[in-house]
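Trainee: Following this message is one structure expressed as structure tokens.
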Amino acid sequence: MAQAYTPGLTITKSIILKKDRILPLKGEVVVKVGDKVKAEDVVAKTDLPGDVQPINIGNKLGIPPSEVEPSMLKKAGEKIKKDEIIAQTKSFFGLFRSSVKSPITGTIENISSITGQVLLREPPVPIDVKAFIEGVVTKVYEEEGVQIENKSAYIQGIFGIGGEITGEIKVLVDAPDAELMPEQIDNSCTGKIIVGGSMVRLAAIKKAIQVNAKGIVVGGIDDQDLKDLLGFDIGVAITGHEEIGLTLVLTEGFGPIKMATKTFDILKQFEGYKASMHGKTQIRAGVMRPEIIIPIPFKEAELKEKPKSFSGLKIGSIVRIIREPHFGEICTVTALPEELVVVESETKVRVLKAKMEDGIEVTIPRANVEAIED
């Protein structure tokens with residue numbers, strides 16, 4: 001049964017990491033296999049079609065749809081400028097002219113002699129996909145994107161908001177159970193990913209935004225502070241697209257929860273290193289976790305090593321309890337009894353025994369923990 005267990009978070013000082021960087025639609029890949037890239041480098045680009053804006057030329061000129069095309073001064077496919085006359089007609093023996101100006105800069109998409117409608121398309125929107133992580137291009141997906149590999153210290157969080165950012169790690173607290181306070185945040189945090197301990201409150205987040213910090217990594221947050229920060233209740237939506245001025249990653253959950261000692265120690269060890277981070281979170285099908293990626297030096301031969309696979313829950317495994325009454329506690333598995341045990345709900349479940357960081361041993365349903373994969 002232990003081997004059927006699905007791992008939870010990955011938290012490690014060294015992992016061979018692979019990241020696909022894919023365009024939203026086909027375009028041009030501007031790097032090749034073997035190229036070394038930095039997080040800010042563009043690896044692929046494309047143009048998103050501009051928005052379409054309809055305009056009823058027939059109604060505006062007071063002519064039937066069949067006469068719209070002859071009245072057009074611009075044909076389908078031609079470029080237009082805002083306020084340029086695109087259609088014109090004459091009346092009263094040529095003494096008076098009626099005309100229509102373009103409301104946008106773009107192109108003529110289509111002219112209909114059935115409806116009298118003309119479709120105008122705004123200019124394409126250029127899209128650049130950046131590497132996001134420093135590493136080596138190991139695969140190229142023609143017209144679609146690339147795969148980048150590197151060696152990194154790697155931390156998955158529980159929840160996050162905000163998009164992809166890069167910045168230098170700066171630890172502002174002395175211990176993983178310390179709250180990140182507003183007075184600890186100053187101009188030295190500009191452009192940095194700042195690290196707290198057990199919790200961050202709204203005042204500290206606003207201070208970090210004020211000094212232009214790139215991101216915050218902390219154990220937990222009060223759900224009301226999160227709602228006040230965003231202006232709405234986030235529910236079960238996919239996050240990562242919020243524009244609040246920084247990216248926030250929670251390593252443990254909601255409320256004042258001590259950051260796992262292992263996570264804090266890794267962040268402390270790599271203080272001063274440049275990291276990549278995002279807050280993308282999806283908790284339903286296709287689970288997506290926020291990530292903190294800290295590239296470390298490597299030899300390209302290491303990328304060919306077979307990645308480690310999760311070997312299942314076993315004695316000595318590190319787990320996090322994800323249900324009350326010990327929610328958020330980090331434990332070490334001490335026993336995996338095979339027999340089923342009756343719990344409070346009067347159902348029979350498989351359990352494990354684990355020792356918490358304070359030395360107390362508890363018995364927990366296996367469904368109430370998630371493994372922290374090393």
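Each value in this text was obtained by applying a stated rule to the coordinates, not by laboratory testing. Since the model is a prediction, treat every value here as computed from it, not as a measurement. Heads up, the Cβs are rebuilt from the backbone with ideal geometry, glycines too, and the neighbour counts pull from every protein chain shown.
Trainee: At what distance in nm do the modelled label points of S66 and S188 sit from each other, each positioned 7 Å from its Cα along Cα→Cβ?
Mentor: Each label point lies 7 Å from its Cα, and together they span 8.1 nm.
Trainee: Over the chain, what is the percentage of antiparallel beta bridges among all DSSP beta bridges, to the nearest 5? Show your work: numbers first, answer last.
Mentor: On the way: 76 of 94 bridges.
Of those bridges, close to 80 percent are antiparallel.
Trainee: Mind scanning K262/K355; K268/K353; K130/K151; K38/K299; K214/K280 and naming the pairs with a C-alpha gap bigger than 23 Å?
Mentor: K268/K353
Trainee: In addition: About its Cα centre, how strong a charge dipole does the chain have in debye, to the nearest 20, once Lys and Arg get +1 and Asp and Glu get -1 at the Cβ?
Mentor: Details: 48 positive and 53 negative charges, 218 e Å.
Computed charge dipole of the chain: roughly 1040 debye.
Trainee: Assuming 0.36 nm per residue, please report the length gained on full extension of the stretch E78 to A175 beyond their Cα-Cα distance. Walk me through the numbers before you get to the answer.
Mentor: Numbers: separation 97, 0.36 × 97 = 34.92 nm, distance 6.40 nm.
Full extension of this stretch gives 28.5 nm more.
Trainee: Which FRET efficiency value, to the nearest 0.05, is calculated for K38 and T115 with the Förster distance at 35 angstrom and r the Cβ-Cβ distance? All intermediate terms of the calculation are to be shown ahead of the outcome.
Mentor: Numbers: r = 51 Å, r/R0 = 1.46.
For K38 and T115, the calculated efficiency is 0.10.
Trainee: Using amide H atoms built in the peptide plane, which far-off residues or other-chain residues are under 5 Å from D41 H to H?
Mentor: Close amide H contacts, sequence-distant or interchain: A131, F132.
Trainee: How much of the DSSP beta bridge set in region 158-289 is antiparallel, as a percent to the nearest 5?
Mentor: Numbers: 8 of 24 bridges.
Within region 158-289, antiparallel bridges account for around 35 percent of the total.
Trainee: Could you check the simple spin-label distance between N212 and K268, using points 7 Å along Cα→Cβ, in nm with one decimal?
Mentor: 3.1
Trainee: Can you tally the net charge around T46? Count Lys and Arg as +1, Asp and Glu as -1, for every other residue whose Cβ sits under 11 Å from the Cβ of T46. Could you put the intermediate results ahead of the total?
Mentor: Numbers: positive: K26, K45; negative: E28, D47, D128, E143, E144.
Here the charged neighbours net out to -3.
Trainee: A further question on this structure: Give me the Kirkwood hydrodynamic radius of region 52-121, using the inverse of the mean 1/r over all pairs of distinct Cα atoms, in Å to one decimal. Write down the numbers at each step before the final one.
Mentor: Numbers: mean 1/r = 0.0845 Å⁻¹.
One over the average 1/r among Cα pairs gives 11.8 Å for region 52-121.
Trainee: What whole-number distance in Å separates the alpha-carbon centres of region 131-200 and region 201-268?
Mentor: After rounding, the separation between the Cα centres reads 12 Å.
Trainee: Go through (1) 26.4; (2) 20.3; (3) 18.8 and flag the label whose value is the computed mean projected area of the Cα convex hull in nm² for this structure.
Mentor: Computing mean projected area of the Cα convex hull in nm² and matching it to (1) 26.4; (2) 20.3; (3) 18.8 gives (1).
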